[in-house]
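The block underneath contains the structure these notes are about, expressed in structure tokens.
The values are calculated or read from the model by the stated rules, or taken from the named source; none is laboratory data. Computed from a predicted structure; not experimentally measured. All Cβ positions, glycine included, derive from the backbone under ideal geometry; neighbour counts span all protein chains shown. These accessible areas exclude ligands, DNA and RNA; they are computed on the full protein's heavy atoms, side chains included. Shrake-Rupley method; radii C 1.70, N 1.55, O 1.52, S 1.80 Å.
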Amino acid sequence: MSGFDLHSLVRENIRELKPYRSARDDFDKGILLDANENSMGSPIESDLELNRYPMPLQEELRAKIAAYRKVKPSQVFTGVGSDEAIDLLFRIFCIPGHDRILINPPTYGMYKVSAKINDVQVDEVLLDENFQLRPDKILEQVTTQTKLIFICSPNNPTANSIKRDDIIKVLSSFNGIVVVDEAYIDFSGTGSMAAMTDEYPNLVVLQTLSKAFGLAGIRLGIAIASEEIISYMLKVKAPYNINKLTSKAAIEAFDHVDKVQENVRRILDERKRMEDMLAEIEEVDEVFPSDANFLVFRVKNALKVYEVLAAEGVVVRYRGNEPGCENGLRLTIGTPEENDFFIHKLQEILKKI
Ligand SMILES: *Cc1c(COP(=O)(O)O)cnc(C)c1O
């Protein structure tokens, strides 16, 4: 990568920002009468001292994540879901009403929503017919106002992984930030790009505890990048973004990664079984190959099938409005019992429609 200068890419107001300093940044031991907390305690039984503010920098959790992903703790940011990390990247790099981002539809909807919230224009380069990236087209579309390119791999909603070489082509030729969203990485056959953040100063990898870790309820998202990018994210975030309950659950999860891996294996077994069963149904026109914890398949009148399925108790996602996904339904892999019930209902409905 030549000619990449992070600081010149950062919005001036952010470069100059002096972060909020909480009382706890200076002293965190002794009789704590500095933060207007309630010293009488919380009304809830807990050993977490919930009457006290959490640690702003989440050092223990970030160290656990870093060890697991083989990067340095200073390269890890923790946020309230990936959504917070996405929003922060907009606020650090994109001047509202001026700058642009580039996305590759069909892809995760949050990039565009976050862009709109931040008054940032969105350019689109569709994935090709195999739902792969078109690096040359992307690089042609890039302007001096383009600050972020979002690449989702494995991609939601198409379920496939994006070729590493194509991502690298964009990374090494684009002078802005390339965000690789790896929400589904632990279900895929390809490894994470997290360790490549050492090599590419413009790479930000997003991960989450919402999918493979089975902790969507605690809202814990992760960004991995150069130490410089992460220090901007830490500077801009709300001081106490990660609460103590979330932090405790997340730290505990990293002590049980064997359980995470076991659940991933079970999901992958079920994915294979469902893929085979769907392929055998005559009315199913296509099942997309999947590197994630969901399957996309096509049936005629998909919207109708979706509605009847929901009425009969199985909620899947209609993705037929996405480019290249006409008549596509997205099915999250469930438990074996849920999956059997779904297949049974689907067959029943397809016979009637
Ligand atoms: C589910 C998902 C996420 C996770 O978002 P959280 O806010 O961390 O729950 C991120 N990116 C993609 C593409 C997803 O599908």
If ILE31 meets every condition in (1) assigned to a loop (DSSP other than H, G, I, E, B); (2) under 27 Å from THR208 (Cβ atoms); (3) among the β-branched types (Val, Ile, Thr) apart from one, which number is that one?
(2)
Here are the criteria: (1) of a type outside the set (S, T, N, Q); (2) within 24 Å of GLY320 (Cα to Cα); (3) in contact (Cβ under 8 Å) with a residue 60 or more places away in the chain; (4) open to solvent by 30 Å² or more (accessible area, probe 1.4 Å). Tell me which single one ALA195 does not satisfy.
(2)
For the range 82-94, does any single residue satisfy the condition of being open to solvent by 60 Å² or more (accessible area, probe 1.4 Å) and part of a loop (DSSP other than H, G, I, E, B)?
no
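Which residue out of LEU171, LEU126, LEU133, LEU148 is under 11 Å from THR107 (Cβ atoms), surrounded by 21 or more Cβ atoms within 10 Å (Cβ to Cβ) and touching a helix residue (DSSP H, G or I) at 6+ places or on another chain (Cβ under 9 Å)?
Step by step, each of LEU171, LEU126, LEU133, LEU148 is checked, and only LEU133 is under 11 Å from THR107 (Cβ atoms), surrounded by 21 or more Cβ atoms within 10 Å (Cβ to Cβ) and touching a helix residue (DSSP H, G or I) at 6+ places or on another chain (Cβ under 9 Å).
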Kindly indicate whether any position in the range 83-93 is β-branched (Val, Ile, Thr) and within 15 Å of the ligand (Cβ to nearest atom).
yes
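Going through GLU45, GLU12, GLU16 one at a time, which residue ends up being closer than 28 Å to SER172 by Cβ, of a type in the set (D, E, K, R) and without any contact (Cβ under 8 Å) to a residue 12 or more places away in the chain? Spell out the reasoning first.
Values: GLU45 fails: closer than 28 Å to SER172 by Cβ; GLU16 fails: closer than 28 Å to SER172 by Cβ.
Residue meeting the stated conditions: GLU12.
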Which one of these does PHE27 not meet: (1) among the aromatic types (Phe, Trp, Tyr); (2) modelled with pLDDT under 95; (3) buried (at least 22 other Cβ atoms within 10 Å of the Cβ)?
(3)
Pairs needed: first member in the range 309-337, over 19 Å from ASP128 (Cβ atoms) and free of Cβ contacts under 8 Å to residues at least 40 places away in the same chain; second member anywhere, in a loop (DSSP other than H, G, I, E, B) and of a type outside the set (Phe, Trp, Tyr); C-beta distance under 8 Å; at least 6 residues apart or different chains.
ALA310/VAL316; GLY320/GLU326; GLY320/ASN327; LEU329/VAL316; LEU329/ARG319; LEU329/GLY320; THR332/ASN293; THR332/VAL316
Across the range 209-249, what is the number of residues that are under 18 Å from SER192 (Cβ atoms), among the hydrophobic types (A, V, I, L, M, F, W, C) and more than 11 Å from the ligand (Cβ to nearest atom)?
4
Go through the range 66-92 and report how many residues are over 26 Å from GLY109 (Cα atoms) and among the hydrophobic types (A, V, I, L, M, F, W, C).
3
Result of the Cβ filter at 9 Å on the range 68-85, keeping first residues that are under 15 Å from LYS211 (Cβ atoms) and partners that are surrounded by fewer than 22 Cβ atoms within 10 Å (Cβ to Cβ) and basic (Lys, Arg), at least 6 apart or interchain, is GLY81/ARG219; ASP83/ARG219
Being among the basic types (Lys, Arg) and not in a helix (DSSP H, G or I) narrows it down to one of ARG265, ARG273, ARG298, so name that one.
ARG298
Tally the residues that are more than 30 Å from the chain's Cα centre (by Cα) and among the acidic types (Asp, Glu), restricting the search to the range 42-60.
3
Which residues, counting only those in the range 95-110, are open to solvent by less than 10 Å² (accessible area, probe 1.4 Å) and in a helix (DSSP H, G or I)?
none
If you go through the range 175-191 one residue at a time, how many are within 13 Å of the chain's Cα centre (by Cα) and either more than 14 Å from the ligand (Cβ to nearest atom) or open to solvent by less than 20 Å² (accessible area, probe 1.4 Å) (or both)?
7
Every listed condition ((1) assigned to a helix (DSSP H, G or I); (2) under 30 Å from VAL170 (Cα atoms); (3) open to solvent by less than 30 Å² (accessible area, probe 1.4 Å); (4) polar (S, T, N, Q)) holds for SER231 save (3)
